[in-house]
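Have a look at the structure below, then the notes.
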Amino acid sequence: MKKIMAASVLALSASLLTPLGTTPAQAAAPRTALPAPTGDLPVGRTDLHLIDSSRPDPWVADRNVRELMVTLWYPARKTRGRTAPYVTPKESELLMRSEPRLDDLPADTLAKVPAHARAGAPAVTRKGGWPLVVLSPGMTMPRATMTSLAEEFASRGYLVAGIEHTYESLATTFPDGRTVTFEAGKAGQTPETGAKVARVRAADTEFVLDRLGRSKRWNRLIDERRIAMVGHSVGGQSAAHLLPVSERIKAAVNLDGTYNPKTPAKPVNKPFMMIGNPRHAPEAGGKDGSWDAFWPHVTGDWKRRLTVTGAEHMSFVDYAVLLPQLGLPVAPMDGKRSIEITRAYVTAFLDLHLKGERQPLLDKPSKDYPEVRFG
């Protein structure tokens, strides 16, 4: 993980990756849009408020329970209902006001990002249930930042659960109207903090899987034999650390996450894929070296290490397209193209390991995606 103070990912990505002298559009609200899902199935969405009374919150001393918000995206019946909001107005305000160069834009700009899933649309049932994909976002980032991936997976026949790791996101709104902000590791990221984040996210994920498994409404939609986890940044490294010790998670993908700790507690012997920016390539000599340190501990029969030329840290989630729309260019690669590549390779991974469908895309470099390097 990069050293992160109490700043949002908007501020972090802009300060690290935006060319000097670049300023966002002024005054008028920009036109924002996410890529539409490409699968055949309509997508529904609902939010769950889950309370784990078995443990106190690990980041705030006076909270004697762990509260989580989880978004479910799922194959739905065709409906004309309203689309689900991207984030709440208060979440948008906290995200927008964390970046001074966005001060002239309306505080609710991100709340008005049009998503494609329909709020509360009736779910389509399937004998045996749908494969389940758990999503874990990056540090300071709300679960909404993985919407483009979630909607894509749901449109292709997956139930998707995006976990908001409370106090690890800059803004989390609960049903009673409370909005809490970032508390985890405010003083910076150390190996000890990294290990704690991995433990907390593992506990969050197992708790969410328990609750979904016991839910009369959602259990019937889940094929509990087929569960994968996909994470971005610290969510990716957390997925990698959880994979070898979880009995339920069968496969995992790390989207550009560095490792802290740099080695897993047990060898990763299940299907696993890392896909990231070129600084993670073996010959790149990246400063943290965590991919090189972690890779020998991936011992399963199926593993892939991919890098994407022109990508940056935010290229694998919604900010790839949203930050340029806000006037903050992020990466040499066009955001729509980077989302297209991420969707293609992660969906292929899920289809192979959760549905048993052969995926030649994962066997070798593709002329359709020359940016992707196998390493």
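One table, with the values for the structure above:
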item: Once the Cα gyration tensor of region 189-325 is diagonalised, semi-axes √(5λ) in Å; result: 26, 18, 15
item: Equivalent ellipsoid, region 160-253 (semi-axes from 5 times Cα gyration tensor eigenvalues, Å); result: 24, 19, 9
item: Gap separating the Cα centres of region 50-102 and region 302-375, nearest whole Å; result: 25
item: Highest to lowest packing among 131-141, 148-158, scored as the average C-beta count within 10 Å; result: 131-141, 148-158
item: Virtual paramagnetic centre 7 Å along Cα→Cβ of Ala28, amide N under 18 Å, in region 325-346; result: 325-328
item: Taking only Cα atoms of region 279-375, radius of gyration then Dmax in Å; result: 14.6, 44
item: Solvent-accessible area per residue, Å², over region 19-130 with all protein chains present [probe radius 1.4 Å]; result: 52
item: Fraction of antiparallel bridges per DSSP, region 228-318 only, in percent to nearest 5; result: 0
item: In nm, spacing of pseudo-spin labels at Thr190 and Asp62 (7 Å Cα→C-beta vector); result: 2.5
item: Relative contact order, percent, region 76-159 [alpha-carbon distance under 8 Å, six or more residues apart]; result: 32
item: Positive-end residue of Gly129, Gly236, Leu149, charge dipole of region 122-268 with Cβ unit charges; result: Gly129
item: Span-like helix ranges in the chain, DSSP H, alpha carbon extent 20 angstrom or more, Kyte mean at least -0.5; result: 191-214, 335-355
item: Mean Cβ count within 10 Å, highest first, over the residues of peptides 228-234, 248-254, 33-39; result: 228-234, 248-254, 33-39
item: Residues Lys336 and Ala107, FRET efficiency given R0 of 25 Å [Cβ-Cβ distance, rounded to 0.05]; result: 0.45
item: Net dipole in debye of region 31-158 [+1 Lys, Arg Cβ; -1 Asp, Glu Cβ; about Cα centre; nearest 20]; result: 700
item: Size of electric dipole in the chain: Cβ of Lys, Arg +1 and of Asp, Glu -1, about Cα centre, debye, nearest 20; result: 1080
item: Qualifying GluC sites (Glu not before Pro) for region 226-315 [loop in DSSP, other Cβ within 10 Å: at most 10]; result: Glu247, Glu283
item: Region 316-371, relative contact order in percent, only Cα pairs under 8 angstrom and at least six apart counted; result: 25
item: Rg over Rh [alpha-carbon atoms, Kirkwood Rh] for region 64-185; result: 1.00
item: Long-range HN-HN contacts of Trp130 with modeled amide H, under 5 Å; result: Ile222, Asp223
item: FRET efficiency, Arg126 to Lys303 (Cβ-Cβ, R0 22 Å, nearest 0.05); result: 0.15
item: Antiparallel bridge percentage (DSSP; both residues within the chain; nearest 5); result: 45
item: Amide hydrogen neighbours beyond the local backbone of Val268, cut-off 5 Å, H modeled; result: Val298, Thr299
item: Estimated inter-spin distance, Trp295 and Phe374, nm [label 7 Å along Cα→Cβ]; result: 1.4
item: Calculated [θ] (222 nm, deg cm²/dmol) that DSSP helices of n ≥ 4 give over the chain, each run adding -39,500 (n - 2.57); result: -8000 deg cm²/dmol
item: Most fluctuating residue given options Ala198, Ala29, Ala171, as computed from a GNM of the chain linking Cα atoms under 10 Å; result: Ala29
item: Whether region 310-358 is rounded, prolate or oblate, judged on the alpha carbon gyration tensor where a/c under 1.5 counts as rounded; result: prolate
item: Selection from Gly194, Ile275, Leu322 lying farthest towards where the dipole of the chain points positive, charges on Cβ; result: Ile275
item: Residues Asp288 and Glu357, FRET efficiency given R0 of 35 Å [Cβ-Cβ distance, rounded to 0.05]; result: 0.50
item: For the chain, fraction of C-alpha pairs farther apart than 34 Å, in %; result: 20
item: Hits among aspartates and glutamates - C-alpha to C-alpha of Lys262 under 15 Å, sequence gap 8 or more where chains match; result: Glu192, Asp288, Asp292
item: Orientation-averaged projected area, Cα convex hull of region 100-144 (nm²); result: 5.3
item: For the chain: relative contact order, % (alpha-carbon pairs under 8 angstrom, 6 or more apart); result: 17
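The values are calculated or read from the model by the stated rules, or taken from the named source; none is laboratory data. Because the structure is predicted, anything quoted here is derived from the model rather than measured. Positions of Cβ are backbone-derived with ideal geometry, glycine not excepted, and every protein chain shown enters the neighbour counts. For the accessible areas, the whole protein counts, side chains as well, though only heavy atoms, and no ligand, DNA or RNA atoms are used. Shrake-Rupley method; radii C 1.70, N 1.55, O 1.52, S 1.80 Å.
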